[in-house]
Amino acid sequence: MIKNTHFIITGPSGVGKTTICRILKERLPELTKFVTTTTRPPRPGEVNGRDYYFVTEAQFKKDIANNEFFEWDHHYGNYYGSSKIKFTEFVNTTPLGVFILDPTGARTVKSLMPEIITIFVKPETHGDIVTRLYDQERKDDNPIARLTATEKEIEQVNLFDCTIINRQGYIYETVDQIQKIITEAQK
């Protein structure tokens, strides 16, 4: 049996992927997050190189022209992408890694690594996403566009290996379930 050492946590905007990853890292210090690149400004508390590589739109477009990304997208007024070089390095050197990606990016990584386990995090209700997307920390984002995309992303749930419902106020229950998937897959 092959031991799985890399995982994807995916789901719609505002479902709690980043918070889930932060708590998982507290519980599993050996877990390393793959860092993607974006043109959006950092939110409060985010650090360049830890949460994202924050770059200018001009730099991102230059990287696109130089074929630096294996996947990239433009949504909610910003660019997001994953570096080919950083991906290869991450997969080859990280003993226990997690990708936090939107569903499109998750499908791309799954096509490159069919053995990777994809975990789709779904809100319990549509209202949960509305509440999260209108949170103060997201005031620079485009909540209306994100809400529209959320419905389409949730329709893709069956394309992923596991589905976890992140109930409002029960984040630790969600993390418990994801941690169990990671632990079982490593046996």
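Below are the figures for this structure:
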quantity: Scope the stretch 66-83; condition at pLDDT 95 or above and on the phi > 0 side of the Ramachandran plot; matching residues; calculated: Asn67
quantity: Some residue of the stretch 141-148 being surrounded by 18 or more Cβ atoms within 10 Å (Cβ to Cβ), part of a helix (DSSP H, G or I) and at pLDDT 95 or above; calculated: no
quantity: The stretch 1-38: number of residues that are closer than 23 Å to His74 by Cα and in contact with a Gly (Cβ under 9 Å, 6 or more places away or on another chain); calculated: 9
quantity: Residue in the stretch 107-129 that is within 21 Å of Cys21 (Cα to Cα), more than 16 Å from the chain's Cα centre (by Cα) and without any contact (Cβ under 8 Å) to a residue 40 or more places away in the chain present; calculated: no
quantity: Search result, residues across the stretch 65-82 that are assigned to a strand (DSSP E or B) and either among the charged types (D, E, K, R) or under 15 Å from Ile100 (Cβ atoms) (or both); calculated: Glu71, Asp73, Tyr80, Gly81, Ser82
quantity: Qualifying residue in the stretch 112-122 (condition: modelled with pLDDT of 90 or more and touching a Cys at 6+ places or on another chain (Cβ under 6 Å)); calculated: yes
quantity: Complete set of residues in the stretch 8-57 that are buried (at least 18 other Cβ atoms within 10 Å of the Cβ), farther than 27 Å from Ile144 by Cβ and basic (Lys, Arg); calculated: Lys33
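For (1) modelled with pLDDT under 95; (2) assigned to a strand (DSSP E or B); (3) among the charged types (D, E, K, R), each residue gets a yes or a no:
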residue: Ile23; (1), (2), (3): no, no, no
residue: Gln59; (1), (2), (3): no, no, no
residue: Asp63; (1), (2), (3): no, no, yes
residue: Ile85; (1), (2), (3): no, no, no
residue: Thr88; (1), (2), (3): yes, no, no
residue: Val98; (1), (2), (3): no, yes, no
residue: Arg107; (1), (2), (3): yes, no, yes
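Condition check ((1) among the basic types (Lys, Arg); (2) touching a residue at least 40 places away in the same chain (Cβ under 8 Å); (3) crowded, with 20+ Cβ neighbours inside 10 Å; (4) farther than 20 Å from Arg22 by Cα) across all residues:
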residue: Gln59; (1), (2), (3), (4): no, no, no, yes
residue: Lys62; (1), (2), (3), (4): yes, no, no, yes
residue: Phe69; (1), (2), (3), (4): no, no, yes, yes
residue: Asp73; (1), (2), (3), (4): no, no, no, yes
residue: Lys86; (1), (2), (3), (4): yes, yes, no, yes
residue: Leu96; (1), (2), (3), (4): no, yes, no, no
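The values are calculated or read from the model by the stated rules, or taken from the named source; none is laboratory data. No experiment lies behind these values; they were computed from the predicted model shown. All Cβ positions, glycine included, derive from the backbone under ideal geometry; neighbour counts span all protein chains shown.
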